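Q: Okay, here's the structure, questions in a sec.
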Amino acid sequence: MSKKLLIIGFVWPEPKSSAAGSRMMQLIYSFLEKDYCITFASACAKSDNAFDLPSIGVAQISIELNNSSFDRFIKQLNPDVVLFDRFMIEEQFGWRVAEYCPKAVRILDTEDLQGLRKGRAKALKDGVVFENSYLLNDIAKREIASIYRCDLSLIISEAEIEICSTFFKVPKSLLLYMPFMLNRINDEQIEKLNAFEKRTHFISIGNFLHEPNYNAVLYLKETIWPLIRLKLPKAELHIYGAYSSQKVNQLHNEKEGFLIKGFAKDVHVVMKQAKVCLAPLRFGAGLKGKLIDAMLNGTPCVMTSIAAEGMFGKLEPNGFIMDNPEDFALKAVELYSNSSVWEEKQCNGFKIVNERFQKEGFQKKMHMAIEETTQHLHEKRLDNFIGQMLLHHSMQSTKYLAKWIEEKNS
């Protein structure tokens, strides 16, 4: 008999719009391969970019916040596993799941550590070097509490596993390293990619609703791109991303070769045409989907240490990691102009994908962890007293606030 999985989404998955959407689809396909019967629920409005979940056999249902209709829905569904898409969703629905389906395994997919991203943004705004004291923000407190309340949390980056376990002292038994899960790049695929001499221009890509991406575009516009254009006056920077607003579009300047291209219907098409990918992120967290897309399409990168975090392990990067804007620009010019260096970095990217992100191993690890958690759920929860305490106290307040809001709205 197939197990039932309920995924409660912060948004409907949009794999063509964001790395978070791609990551969610990887998880969905992994559960489908294990013959799970999947229902995806969200209170978010659905955009035209949302993936057609019924086309792959996933049921979808719209739910409401602060509404007891969810209680009736989940009691009837009675899932074996519930996956919360980010901590805010666990805050909203976690107590309902615990109350009405207490035997369901509760899994949190953090996507990235938002408390870490928040702390880095504050340090940048303050004009200081990030230090661990910036992790002690309200978002981090809520996020770590959510991790404790769940039976298992999927953490996308080894760096974030270290922060959770070492700085926040979260037991490693509650954490599972689960990065992007990718297919192997084979020689036939590599041979079909455009060579160095058939590629032109620079590319930068990222969902503009994600503040680190917009900040990076401004950084390119104001600081880095003018330095590159001094050396490469005929080069262009093509900037792609979903949800480009007026404040983004007004940065477009053909004379400067700074071109806002908007939404890319197929990231692989535009990425394999570009010669170099630029990722000058100054704050953020998690693994960067733009770097994965670049490596899959043989496009070397110049990136900051924030962009590179958790991506390469002990392997050589698929480009250069530079935090100083002058050095960043110099390496971008070198990578754009030197075919031997470009080809070396391209090969590094193929090796990284094939050695660090192979889906078979991570899928097996995830399903083994879920099975082990299912078999020893009672004992695991007894061992996690802090989680039980937070569920009892914090969620009681959330529960009665939700009931008050529902009564007020009725």
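Q: Report the residue, chosen from Pro280, Pro171, Pro79, that carries the largest GNM mean-square fluctuation when the chain is represented by alpha-carbon nodes joined by springs under 10 Å.
A: In the Gaussian network model the winner is Pro171.
Q: Give the distance, in whole Å, between the Cα centre of the stretch 106-162 and the Cα centre of the stretch 249-285.
A: Centre-to-centre (Cα) distance: 27 Å.
Q: May I pose another question? For the chain, what's the relative contact order in percent, using C-alpha pairs closer than 8 Å and at least 6 residues apart?
A: 16
Q: Run through the DSSP bridge list for the stretch 187-356 and note the antiparallel percent, rounded to the nearest 5.
A: Expressed as a percentage, antiparallel bridges in the stretch 187-356 total about 5.
Q: Can you compute 3J(HN,Hα) from phi for each residue in the stretch 212-229, using the Karplus curve 6.51 cos²θ - 1.76 cosθ + 1.60 with θ = phi - 60°, rounded to whole Hz and x for Gly and Pro?
A: So the J values, rounded to whole Hz, are x, 5, 5, 4, 5, 5, 4, 4, 4, 4, 8, 10, 7, 4, x, 5, 5, 5.
Q: Continuing with this model, one more query. Need one number: the % of Cα-Cα pairs in the chain sitting beyond the 38 Å mark.
A: Cα-Cα pairs of the chain separated by over 38 Å account for 23 percent.
Q: Taking θ as phi - 60°, what are the ³J(HN,Hα) couplings along the stretch 8-19 by the Karplus curve (6.51, -1.76, 1.60), each to the nearest whole Hz, with x for Gly and Pro?
A: Taking θ as phi minus 60°, the curve returns 9, x, 5, 9, 6, x, 10, x, 8, 9, 8, 5 Hz for the stretch 8-19.
Q: Can you give me the C-alpha center-to-center distance between the stretch 86-100 and the stretch 187-228, rounded to a whole angstrom?
A: 38
Q: First measure r as the distance between the Cβ atoms of Gln250 and His367, then evaluate 1/(1 + (r/R0)^6) with R0 = 51 Å and state the FRET efficiency to the nearest 0.05.
A: Efficiency for this residue pair is about 0.60.
Q: Related question: In deg cm²/dmol, rounded to 500, what helix-only [θ] at 222 nm does the chain give when every DSSP H run of at least 4 residues adds -39500 (n - 2.57) and the total is split over its residues?
A: Calculated mean residue ellipticity at 222 nm is -14000 deg cm²/dmol.
Q: If you take the C-alpha gyration tensor of the stretch 1-41, multiply each eigenvalue by 5 and take the square root, what semi-axes do you get, largest first, in whole Å?
A: Over the Cα atoms of the stretch 1-41, the ellipsoid semi-axes are 20, 11, 5 Å.
Q: Please name whichever of Ser245, Thr304, Asn194 sits farthest to the positive end of the charge dipole of the stretch 187-356, dipole taken about the Cα centre and charges placed at Cβ: Lys and Arg +1, Asp and Glu -1.
A: My answer, from the dipole projection, is Ser245.
Q: Give me, ordered by chain and number, the residues 5 or more places off Cys301 or on other chains with an amide H under 5 Å from its own placed amide H.
A: Residues meeting the criterion, in which the H sits 1.01 Å from N, are Cys277, Gly319, Phe320.
Q: Too long at a 25 Å Cα-Cα cut-off: which of Lys16/Lys261; Lys198/Lys231; Lys231/Lys288; Lys255/Lys331; Lys3/Lys380?
A: Lys231/Lys288
Q: What ranking, highest mean first, results for peptides 249-257, 66-74, 10-18 when packing means the other Cβ atoms within 10 Å averaged over each residue?
A: 10-18, 66-74, 249-257
Q: Give the Rg/Rh ratio for the stretch 218-317, taking Rg as the radius of gyration of the Cα atoms and Rh as the Kirkwood radius, to two decimals.
A: Taking Rh as the inverse mean 1/r over Cα pairs, Rg/Rh reads 0.95.
Values quoted throughout were computed directly from the atomic coordinates according to the rules given, and no laboratory measurement underlies them. All values reported here derive from a predicted model rather than from experimental measurement. Note that each Cβ is placed from the backbone with ideal geometry, even for glycine, and that neighbours are counted across all protein chains shown.
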